[in-house]
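Just so it is clear, none of the values below were taken in a lab; they were calculated from the coordinates. Given the structure is predicted, the values throughout are model-derived calculations rather than measurements. Cβ sites come from the backbone with ideal geometry, for glycine too, and all protein chains shown count toward neighbours.
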Amino acid sequence: MISDLFAERGRGSRVCPPFRFSNLHLVRLGPGAIINRDCWIQVVLGLGDDRSVKLKIGAFAGIGMGATISAAKSVVLGEHVLLARNVYISDHRHAYEDISRPIMDQGICGVSPVSIGRHTWLGQNVVVLPGVTIGEHCVIGANSVVRDSIPDFSVAVGAPASVVRQFNRDTGQWEKPPKGVTAAS
C-alpha cells in the first residue's frame, strides 16, 4: 500500500506495519531490505533541495524494530547493514538557542551527513549522531553513542563509543588499537 510512496523501492524489500513515516518520496529502499515494525523513518524538508533522495537504505539492509532514522541532508546505510532494536540515527539535532521558546519550535541545526558502511552491525539502542561515518564491516556494541567516525573493520563500544579492536588485514588478526588512537583515527 505504501510502495508507491518511496522514491525507489527495490525488489523483495519489505516494510512491516505499524510504521511511522514522513516524506518517503525522498527515501530509497534497496532490494531485499526490510524495515521491521514500530520504526519511524522520516526526511525533514526545508533545508535546500527537497527533490533529491536524502535517505538511502542499501540492498538487504535490516532495520530492527523500533528504530528511528531521521534525515535532513543525507543518511546512507550500505548493503547488508543490520540495525538491532531501538537504534537511533540522525544527521541533525534540535536547535536550542532561545530559552523563551519551546525546543520543539526552534527547528533543527548541526546538519551533517551520516554514512554507515556495508556489512556493519549496530547493536541494540545504539545512537549515531550527525557527521559520523562508520566504516565497512564494523560492529557497534549495544547502548553505544557514536559521535566520532569509526574506521573499517572495527569494533566500538561505549558512550561515547571508542574502538576496542580492529582487524589488521596485513596479519589477518584482530588487534587492540594502539594507545592514544581515537575512534576518528
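Quick look at the values:
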{"quantity": "Prolate/oblate/rounded label for region 83-151 (Cα gyration tensor, a/c 1.5)", "calculated": "prolate"}
{"quantity": "Cα gyration tensor shape for region 14-160, rounded if a/c is under 1.5, else prolate or oblate", "calculated": "oblate"}
{"quantity": "Approximate spin-label separation ASP98-LEU47, in nm, with each point projected 7 Å along Cα-to-Cβ", "calculated": "2.0 nm"}
{"quantity": "Packing rank of 146-155, 9-18, where each peptide gets the mean count of other beta carbons within 10 Å, highest leading", "calculated": "146-155, 9-18"}
{"quantity": "Virtual spin-label span in nm between ASN168 and ARG85, 7 Å along Cα→Cβ", "calculated": "3.8 nm"}
{"quantity": "Separation in nanometres of the label points that stand 7 Å from Cα toward Cβ, at PHE19 and TRP40", "calculated": "1.7 nm"}
{"quantity": "Share antiparallel - DSSP beta bridges, the chain, percent rounded to 5", "calculated": "20 percent"}
{"quantity": "Segments 101-107, 116-122 sorted - mean Cβ within 10 Å per residue, highest first", "calculated": "116-122, 101-107"}
